[in-house]
Amino acid sequence: MKSLAILGSTGSIGTQTLDIVREHPDKFKVISLVANKNIELLEKQIKEFNPELVVVSDKEKAAELKEKVTVEDRKSTRLNSSHIPLSRMPSSA
C-alpha cells in the first residue's frame, strides 16, 4: 500500500487524485491533506480519508476548521497551520 500526501486536495487535481484513491482503497492510504481555503470540502475529506495530518495555509481558515471538526476527528488528525494538534484542543460543548 502506498501512502499519499495530497497537496491541493480541494483543487481539481487533488479531488481527481482522491477519486482514484476511492477506486483503489487497497492500494492507497491518504496520510495528509493540504489545502488553502476551502475548509468545507476539506472537512468532508478529513472525515472520509482520516489523514494523520491536515495543513491549511490560510491561518484564519485553519482556525475555522478547528472549530468545525468533531472530537472523533481530533483523535487521529493533526491540523497544522498554527501548529496545535487537534487532539490537544478542548472539545466544544
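Does Gly14 count as in contact with a strand residue (DSSP E or B) (Cβ under 7 Å, 6 or more places away or on another chain), on the phi > 0 side of the Ramachandran plot and of a type outside the set (Lys, Arg)? Even if it seems obvious, please write down each step before you answer.
Values: in contact with a strand residue (DSSP E or B) (Cβ under 7 Å, 6 or more places away or on another chain): yes; on the phi > 0 side of the Ramachandran plot: no; of a type outside the set (Lys, Arg): yes.
No: the conditions fail for Gly14.
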It is to be established whether one or more residues within the stretch 11-26 are in a strand (DSSP E or B) and of a type in the set (A, V, I, L, M, F, W, C).
no
Hits in the stretch 1-14 - residues which are surrounded by 15 or more Cβ atoms within 10 Å (Cβ to Cβ) and of a type in the set (Ser, Thr, Tyr)
Ser9, Thr10
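Being in a helix (DSSP H, G or I) and under 9 Å from the mean Cα position of the chain (by Cα) is the filter here, so list the residues in the stretch 49-68 that pass it. Give the steps one after another, and end with the answer.
To start, the set of residues in the stretch 49-68 that are in a helix (DSSP H, G or I) comprises 49, 59-68.
Listed by number, the list holds a single entry, Phe49.
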Please enumerate the residues belonging to the stretch 27-48 that are part of a helix (DSSP H, G or I) and open to solvent by 70 Å² or more (accessible area, probe 1.4 Å).
Glu40, Lys44, Lys47, Glu48
Residue pairs within 7 Å by beta carbon, gap of at least six or interchain, first lying in the stretch 43-68 and free of Cβ contacts under 8 Å to residues at least 24 places away in the same chain and under 9 Å from Leu33 (Cα atoms), second open to solvent by 80 Å² or more (accessible area, probe 1.4 Å) and not β-branched (Val, Ile, Thr), listed first then second, are none
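The values are calculated or read from the model by the stated rules, or taken from the named source; none is laboratory data. Values in this document were obtained by computation on a predicted structure and should not be read as measured data. Cβ coordinates were reconstructed from backbone atoms using ideal geometry, including for glycine residues, and neighbour counts include every protein chain displayed. To get the accessible areas, we keep the full protein, side chains included, count just its heavy atoms, and leave off ligands, DNA and RNA. Shrake-Rupley method; radii C 1.70, N 1.55, O 1.52, S 1.80 Å.
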